[in-house]
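The values are calculated or read from the model by the stated rules, or taken from the named source; none is laboratory data. Because the structure is a prediction, the values reported are computed rather than measured. Neighbour counts are summed over all protein chains in view; Cβ atoms, including those assigned to glycine, are modelled from backbone coordinates with ideal geometry.
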Amino acid sequence: MAASRTDLNDPATDAGTRSAVCPVDHAEFSGDAAHHGYEPFDMNDPFPAYERLRAEEPVMYDERIGLWVVTRWADVRAVFEDWETFSSENAQAPIRERGPEASRIMKEGGFTAYSGLSARIPPDHSRIRAIAQRAFTPRRFKALEPTIRENTRAALEKMLESPDRQGDFLHDIAFDIPTVTILTLLGVDSAMVPMYKRWSDSRGAMTWGDLSDDQQIPHAHNLVEYWQECERLVVQAHRDGGDSLIADLVEAQGAGAEITDHEIASLCYSLLFAGHETTTTLIANSVRVLLGHREAWEAIVADPTRIPSAIDEVLRYSGSIVAWRRKALRDTAIGGVAIPEGAGILLVMGSANRDDEVFAHPDQFDIDRTDARNHLSFGYGIHYCLGNMLAKLQDRIVLEESAAAVPSLRLTGTPIAFGENLSFRAPTSVPVTWEA
């Protein structure tokens, strides 16, 4: 068994009112008494609160975010699976309502982006996903592997040139590689990485962050630019063709596939975010967790064939996406708790992945675990992540190359913080060092 410390935040540990849609009166509770220590936007060490929620109130209404918080594995999977009762239509809705100035900027800028797939419901979801799957193929991913490996080696070489043998694996390695990969897939010049990262950061902040009206304004400008670029890419694909996923979708459209230019642009809008942001975090978390469990790191250095199982365990133990939203389309129940029609639901996969009803010793990180692939980090059911193979491919290559090039890699001991967010658990840095 690999080392079994708790998740890493520093080098040793990682550490009411009545709502209109809530049939339960929470007025008698306040603070931790009402929420079991759960803080929706605090990602530094949410796991103790998750454990208390699973044990004490596995389906809890949180009036601070207006969502029912669901934390047990069986309940989370059941909601994902029942798309006819629990709609994904709110998955991409802003957590906080857009302020008047941000709304004006986006309206006047022609911002009409909609979800590529994750917030769509059948029949549109089924139609678009079937078309996208024809372009989003293992063959295309395989063709990207040499480029991913070459980019990884170049990034490692650059980091290892540091005279003081200090680096930040997030910014030096994980930051650019998935972005270059997804831009290559979509036929975009890799020189635009900084621009796309800026747009992507704004999308994450505007959708899943807790921003004031004034804080939203620069992000609103960025989202207008982002959407206009997606529309431009579709126009370019119509004009020039090319070898890219967007060109494949335009070609399919020309051959009779039922997909509009707006839908292709919306897929681009989603893929440019999901295709790199969560993969950057997966790579950073993989290195962070493996280095923090030294036996596991040394195991993959000695035998790289163990990397795929290590990735699944990272996804279970410290996934990039820890929560996702659904909406109840009718009066229903989750885990025996009545849920009213129209209620918003937060499915906490980060908690479900540590449910001891499913995973033995769930707070232990063990790359030999045989059931790690039962994690819910890629969702479940009809919305299961379309890009999961590409994400795992990139993570595998980075781990292979890193373990071979710098087996002495280790964390510096600097505490690692995580950005505030409702859904994404992303470290803000992964400071590393190595032997000469």
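Results for (1) modelled with pLDDT under 95; (2) in contact with a Pro (Cβ under 8 Å, 6 or more places away or on another chain); (3) among the polar types (S, T, N, Q), shown as yes or no for each residue.
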{"site": "218", "(1), (2), (3)": "no, no, no"}
{"site": "223", "(1), (2), (3)": "no, no, no"}
{"site": "228", "(1), (2), (3)": "no, no, yes"}
{"site": "238", "(1), (2), (3)": "no, no, no"}
{"site": "241", "(1), (2), (3)": "yes, no, no"}
{"site": "244", "(1), (2), (3)": "yes, no, yes"}
{"site": "253", "(1), (2), (3)": "no, no, yes"}
{"site": "260", "(1), (2), (3)": "no, no, yes"}
{"site": "269", "(1), (2), (3)": "yes, no, no"}
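Those residues that are surrounded by 22 or more Cβ atoms within 10 Å (Cβ to Cβ) and of a type in the set (Val, Ile, Thr), I need them from region 181-206; list them, please. Passing the criteria: 181, 182, 188.
On the basis of being of a type in the set (Asp, Glu), touching a Gly at 6+ places or on another chain (Cβ under 6 Å) and within 16 Å of residue 379 (Cβ to Cβ), does residue 81 make the cut? Steps first, please.
On the way: of a type in the set (Asp, Glu): yes; touching a Gly at 6+ places or on another chain (Cβ under 6 Å): yes; within 16 Å of residue 379 (Cβ to Cβ): yes.
So residue 81 passes the test.
Looking at the structure I just gave you, is residue 54 part of a loop (DSSP other than H, G, I, E, B) and touching a Ser or Thr at 6+ places or on another chain (Cβ under 8 Å)? In short, no.
For (1) crowded, with 24+ Cβ neighbours inside 10 Å; (2) among the acidic types (Asp, Glu); (3) assigned to a helix (DSSP H, G or I); (4) in contact with a helix residue (DSSP H, G or I) (Cβ under 8 Å, 6 or more places away or on another chain), each residue gets a yes or a no:
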{"position": "222", "(1), (2), (3), (4)": "no, no, yes, yes"}
{"position": "227", "(1), (2), (3), (4)": "no, no, yes, yes"}
{"position": "231", "(1), (2), (3), (4)": "no, yes, yes, yes"}
{"position": "239", "(1), (2), (3), (4)": "no, no, yes, no"}
{"position": "249", "(1), (2), (3), (4)": "yes, no, yes, yes"}
{"position": "263", "(1), (2), (3), (4)": "no, yes, yes, yes"}
{"position": "267", "(1), (2), (3), (4)": "yes, no, yes, yes"}
{"position": "285", "(1), (2), (3), (4)": "yes, no, yes, yes"}
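Looking only at region 94-112, residues that are out of contact with any Phe, Trp or Tyr (no Cβ under 9 Å at 6 or more places or on another chain) and either closer than 26 Å to residue 390 by Cβ or surrounded by 15 or more Cβ atoms within 10 Å (Cβ to Cβ) (or both) come to 5 in all.
Of 176, 189, 168, which residue is modelled with pLDDT of 95 or more, over 15 Å from residue 94 (Cα atoms) and of a type in the set (D, E, K, R)?
Numbers: 176 fails: modelled with pLDDT of 95 or more; 189 fails: modelled with pLDDT of 95 or more.
Criteria check complete, one pass: 168.
Would you check which residues across region 388-419 are more than 25 Å from residue 132 (Cβ to Cβ), surrounded by 17 or more Cβ atoms within 10 Å (Cβ to Cβ) and out of contact with any strand residue (DSSP E or B) (no Cβ under 7 Å at 6 or more places or on another chain) and list them? The answer is 398, 399, 401, 402, 403, 406, 419. Evaluation of residue 58 against the conditions (1) more than 20 Å from the chain's Cα centre (by Cα); (2) closer than 27 Å to residue 317 by Cα; (3) modelled with pLDDT under 95 shows that the sole unmet condition is (3).
In the set (1) closer than 25 Å to residue 386 by Cβ; (2) out of contact with any helix residue (DSSP H, G or I) (no Cβ under 7 Å at 6 or more places or on another chain); (3) small (Gly, Ala, Ser), the condition left unmet by residue 115 is number (2).
The condition of being crowded, with 22+ Cβ neighbours inside 10 Å and over 22 Å from residue 172 (Cα atoms) holds for only one of 296, 257, 302, that being 296.
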